[in-house]
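No value in this document is a laboratory result; all are computed from the given coordinates. Please read all numbers here as calculations on a predicted model, not as lab measurements. Positions of Cβ are generated from backbone atoms using ideal geometry, with glycine treated the same way; all protein chains shown enter the neighbour counts.
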Amino acid sequence: MSNIYKELQKRILVLDGAMGTMLQAYKFTEEDFRGKRFIDYPTPLQGNNDLLSITQPEAIKTIHGKYFEAGADIVETNTFSGTTIAMADYQMEDLVYELNYQSAKIAKEVAEEFTKKEPQKPRFVAGSIGPTNRTASMSPDVNDPGYRAVTFNELRIAYKQQVEALLDGGADLLLVETVFDTLNAKAALFAIEEVKDERNIEVPTMLSGTITDASGRTLSGQTAEAFLISVSHIPLLSVGFNCALGANLLQPHLEAIANKTNFAISAHPNAGLPNAFGEYDETPEEMGEQIEEYLKKNLINIIGGCCGTSPEHIKVIANIAKKYQPRKLVIG
């Protein structure tokens, strides 16, 4: 298997774009989400995108293929909500292993097809690990600031199950993403280190936080630099930011960390900010222009797109990335 560390030294790697944006175009109904297998399931399932890896695998496969076709080096598995904690909303905790395993397997099959066609451009699968819908650092109850909806240990156990399934399904690396609470992220990173120790393996791990608004902080209150410092004891492949902001608004936060770490730097911003209908209007060309500023300033090793981005966006980004050298890495 090709080594992602080697590829990072050679070129800027391109991550895929949004899975949700692509799935919305299919306009799947409740029946589509259920498929034959879950026809009598007791809870509504529409909106459970991770389930589509089981009930609509061809759609997931097609989306991965479109992103690789557009120039992506890395696609993310369809597992953003693939923990028992997030799946509790659908009473599907028992399906978590299968959801992650199948999602990784589908992505890996497509990656292998493309690597075979273009061996000089190996393709990788990143196991997507989302933040869950709970926060370990803050109370959801304004009247009880000491209350927590989830503990570090509960998160660690849930993440560990997800990590094992993603690796068993064939993920090449793990992406802990859209981190709004660094304590949640630390539980995921702890779980990853545990699995690495138990299996005696090395797994490249990407970590991507999210700056929630113009304050320039994560939801749990850290600046970009504080976020970096608080995770720098973990052996990461890359650290960076995704979601919440468009490319131009994300730039100062990338600048804040790019000269302060030997980790690779990643970014997958949204296609601008959402409009009044919650949709993203930024064209591939508009987004590409803003991302080119990152590359001119030598800020980036891995670049992709988050909410509102499509294969068209990734194609433009990949073509721009080809023209620039990656930010230099000291790999020891």
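Less than 14 Å Cβ to Cβ from residue 101, Lys/Arg counted +1 and Asp/Glu -1: what total charge do the surrounding residues give? Please report the intermediate quantities before stating the final value.
On the way: positive: 105, 108; negative: 50, 94, 98, 109, 164, 168.
Net charge in that neighbourhood comes out at -4.
Restricting to DSSP H runs of at least four residues, report the calculated mean residue ellipticity at 222 nm for the chain, -39500 (n - 2.57) per run over all residues, nearest 500 deg cm²/dmol. Per the formula, -13000 deg cm²/dmol. Straight-line cross-link partners of residue 105 among the lysines, defined as a Cα under 25 Å from its Cα and at least 8 positions apart when in the same chain: 6, 27, 36, 61, 66, 116, 117, 121, 160, 196, 315. Extent of the stretch 199-332 along its three principal axes (Cα atoms, max minus min coordinate, largest first): 45, 35, 32 Å. In terms of other Cβ atoms within 10 Å, 196, 186 run from fewest to most in the order 196, 186. First select every other residue whose beta carbon is under 12 angstrom from the beta carbon of residue 157; then total the charges, Lys and Arg +1, Asp and Glu -1. After counting each charged neighbour, the total is -2.
Could you give the longest part of the chain that holds none of the GluC sites (Glu not before Pro) found in DSSP loops with at most 14 neighbouring Cβ atoms within 10 Å? If you can, show how the numbers build up before the last one.
On the way: sites that count: 202, 279.
Counting only loop sites that pass the neighbour cut-off, the longest clear stretch is 1-201.
For the chain, modelled as a GNM whose springs connect Cα atoms under 10 angstrom apart, the maximal fluctuation among 318, 214, 244 occurs at 214.
Over the Cα atoms of the stretch 4-321, Rg to Rh with Kirkwood Rh, two decimal places? Intermediate results must be reported in sequence, preceding the final value.
On the way: Rg = 18.4 Å, Rh = 19.6 Å.
Expressed as Rg/Rh, it is 0.94.
The value of relative contact order for the chain, using C-alpha pairs under 8 Å at least six residues apart, is 20 percent.
With N set to the number of residues, divide the alpha-carbon radius of gyration of the stretch 114-232 by 2.2 N^0.38 Å and report two decimals. Write down the numbers at each step before the final one.
Numbers: Rg = 16.2 Å, N = 119, 2.2 N^0.38 = 13.5 Å.
Dividing the Cα Rg of the stretch 114-232 by 2.2 N^0.38 Å gives 1.20.
Longest stretch of the chain clear of exposed loop sites (chymotrypsin sites (Phe, Trp or Tyr not before Pro), DSSP loop, at most 13 other Cβ atoms within 10 Å, sites excluded): 148-276. Shape verdict for the stretch 45-136, please, from the Cα gyration tensor: rounded (a/c under 1.5), prolate (a/b greater than b/c) or oblate. Taking the square roots of the gyration eigenvalues as a ≥ b ≥ c, the stretch 45-136 is prolate. Taking other residues whose beta carbon is less than 12 angstrom from the beta carbon of residue 89, and scoring Lys, Arg as +1 and Asp, Glu as -1, yields -1.
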